[in-house]
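Worksheet for the structure shown next.
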Amino acid sequence: SHSDEPIPFASVIFKKTGIGKLSDSAGGFNFHIDKDQITDTLLITYVGYQSLSMLIPPFKGDSLFLTISLERGGAGKEVVV
């Protein structure tokens, strides 16, 4: 949210089901999941940014569109490669 720039290749995963992927080069992502089976927490992570957890409740309609902003941070955490 610091610069409103997209974050490419962020990790996006549903905690309960383990379904996940990376965002694309423009920071976008989509999942094709049966809406009746989705009540889960979406976890978005990217090195140098604070992780974000967001509860995704059941929804009506065919699509759910989200605008997500990550805050810079995460300093002091160890990253092992």
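Protection proxy ranking, highest mean first, for peptides 16-27, 39-50: 39-50, 16-27, where packing is the per-residue count of other beta-carbon atoms within 10 Å, averaged. Assuming R0 = 22 Å, what is the FRET efficiency of LYS21 and PHE59, from their Cβ-Cβ distance, to the nearest 0.05? So, using R0 = 22 Å, E works out to roughly 0.65.
Shape call for the range 1-73 from the C-alpha gyration tensor, a ≥ b ≥ c root eigenvalues: rounded (a/c under 1.5), prolate (a/b greater than b/c) or oblate?
The shape class here is prolate.
Heavy atoms only, 1.4 Å probe, whole protein assembly: order GLU5, GLU71 by accessible area, highest first.
On the way: GLU5 130, GLU71 95 Å².
Solvent-accessible surface, decreasing: GLU5, GLU71.
Hey, with R₀ at 35 Å, roughly what FRET efficiency would GLU71 and ASP34 work out to, going by the Cβ-Cβ distance, to 0.05? That gives a FRET efficiency of 0.65. In order along the range 45-52, the phi-based Karplus estimate (6.51 cos²θ - 1.76 cosθ + 1.60, θ = phi - 60°) of 3J(HN,Hα) comes to 9, 7, 4, x, 10, 6, 5, 10 Hz; Gly and Pro are listed as x. Close amide H pairs (under 5 Å, H built 1.01 Å from N) link ALA10 with SER23, residues at least 5 positions away or on another chain.
The values are calculated or read from the model by the stated rules, or taken from the named source; none is laboratory data. Everything numeric here is computed off the predicted structure, so don't read it as measured data. All Cβ positions, even for glycine, are placed from backbone atoms using ideal geometry, and neighbour counts span all protein chains on display. The accessibility values were calculated without ligands, DNA or RNA, using every heavy atom of the protein model including side chains. Shrake-Rupley method; radii C 1.70, N 1.55, O 1.52, S 1.80 Å.
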